[in-house]
Amino acid sequence: ATAVACALSTTAVRADELTVGFSQIGSESGWRAAETTVSKSEAQKRGVNLKIADAQQKQENQIKAIRAFVAQGVDAIFLAPVVSTGWDTVLKEAQEAEIPVILLDRDIDPSGKDLYLTAVTSDSVHEGKVAGDWLVQTLNGKPCNVVELQGTVGASVATNRKKGFEDAIAGHSNVKVVRSQTGDFTRAKGKEVMESFIKAEGGGKDICAVYAHNDDMMVGAIQAMKEAGLKPGSEILTVSIDAVPDIFKAMAAGEANATVELTPNMAGPALDALIAYKKNGTVPPKWIQTESKLYTAADNPQAVYESKKDLGY
Ligand code: AHR
């Protein structure tokens, strides 16, 4: 045992000797911007050199960035995959170069399971389920036509949040999703798609609730509803995901109802897992799950806004 311990300690790697390449999706949402800021500060706290490549929403840019990180011989790669398919070839290249890959906040298809060390993500089906359960409970049997703003097409979180919501409303025939379209996780697109939903649904009179796969799209949708003379938060219920400060501002103003929190700190647990793996070979679980918490207008939104607004959002 002593010999093994000695052998391990001589090969031990210090956190401040590690260089990690992070292929980040872009800056489509307030949550994403916060994740980038928090990743930098979590790396700094541990003395890790974190190199971030912004893919501007394009998978081809992420693939190029991963290849560049492999060529540079980084110690590990963090990947927030914009979509879930199309990673096998490039992740095999990283594996052949013996560079561990850790997924952050989104998943890839199960076919790629052996190509990464661990994934730090929330349970995004559960997030959709929590959002749907809240709506079902709030409605208490009242008939409700829901419009849905989906996230980026092909992103694991968009597929899963849609499924979770559908699971929650299944068996509640009073709740129906009457329109569902992507708003690409952005405020601008969320507003634009909501405007088209309002037009198509009797000027908004036929809409009882909006479900958005993130808060940014909901903030855009709230704007569209207000411009159409509707009252989000009272006439039209809202539920979305992320818990960014601006949704709490809207809740405090009575214009939003509920959000499911997604922590922007994916890098902290990923770095801890990586450091343990590099230092003493500790293999992390395949999935490091982050928490999902429901907030409603009853949770003192002004105070939550104050506590969150300086956290990198
Ligand atoms: O993958 C996480 C999602 O990506 C966030 O919920 C959304 O805001 C972001 O764009």
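The values are calculated or read from the model by the stated rules, or taken from the named source; none is laboratory data. Just so you know, these numbers come straight off a predicted model, no measurement behind them. Glycine also receives a Cβ, built like all others from the backbone with ideal geometry; neighbour counts cover every protein chain displayed. Protein only, heavy atoms only, side chains kept; ligands, DNA and RNA dropped before computing areas. Shrake-Rupley method; radii C 1.70, N 1.55, O 1.52, S 1.80 Å.
Quick notes on this one:
- Antiparallel content of DSSP bridges confined to the chain, in %, to 5: 10 percent
- By DSSP, the beta bridges lying fully in region 163-313 are antiparallel in about 40 percent of cases.
- Set of aspartates and glutamates near residue 226 by C-alpha distance (under 20 Å), chain-local residues within fewer than 8 positions excluded: 148, 192, 195, 201, 206, 215, 216, 235, 246, 255
- With contacts taken as Cα pairs under 8 Å at a separation of at least 6 residues, region 187-256 carries a relative contact order of 35 percent.
- Residue-normalised accessible area of the chain, expressed per residue, 1.4 Å probe, Å²: 43 Å²
- In summary, the lysines within cross-link reach of residue 286, defined as a Cα separation below 29 angstrom excluding same-chain residues under 8 places away, comprise 40, 45, 51, 58, 64, 92, 113, 129, 162, 163, 278.
- Note on region 40-184: percent of Cα-Cα distances in each 10 Å bin, starting at 0 and stopping at the bin with the largest distance, equals 11, 34, 26, 17, 10, 2.
- Here the chain yields Rg over Rh of 1.03, to two decimals, using C-alpha coordinates and the Kirkwood radius.
- Cα lying deepest toward the dipole's positive end in region 217-313, options 298, 239, 283, charges on Cβ: 283
- About its Cα centre, region 211-311 has a charge dipole of approximately 400 debye under the convention of +1 per Lys or Arg Cβ and -1 per Asp or Glu Cβ, with nothing else charged.
- Percent accessible area from carbon and sulfur atoms, the chain, protein chains only, probe 1.4 Å: 51 percent
- Candidates 172, 213, 126: whichever shows maximal mean-square fluctuation once the chain is modelled as a Gaussian network with Cα springs under 10 Å: 172
- With the convex hull constructed from alpha-carbon coordinates only, region 66-106 shows a mean projected area of 2.6 nm² over all directions.
- Once C-alpha pairs closer than 8 Å and six or more residues apart are averaged by separation and normalised to the residue number of the chain, the relative contact order reads 19 percent.
- If you plug the beta carbon distance of residue 231 and residue 58 into 1/(1 + (r/R0)^6) with R0 = 45 Å, you get a FRET efficiency near 0.75.
- Calculated on the Cα set of region 14-82, radius of gyration then Dmax: 11.8, 34 Å.
- In this Cβ point-charge picture (+1 for Lys and Arg, -1 for Asp and Glu), the chain has a dipole of about 100 debye about its Cα centre.
- Relative contact order %, region 1-155, counting alpha carbon pairs below 8 Å whose residues are six or more apart: 20 percent
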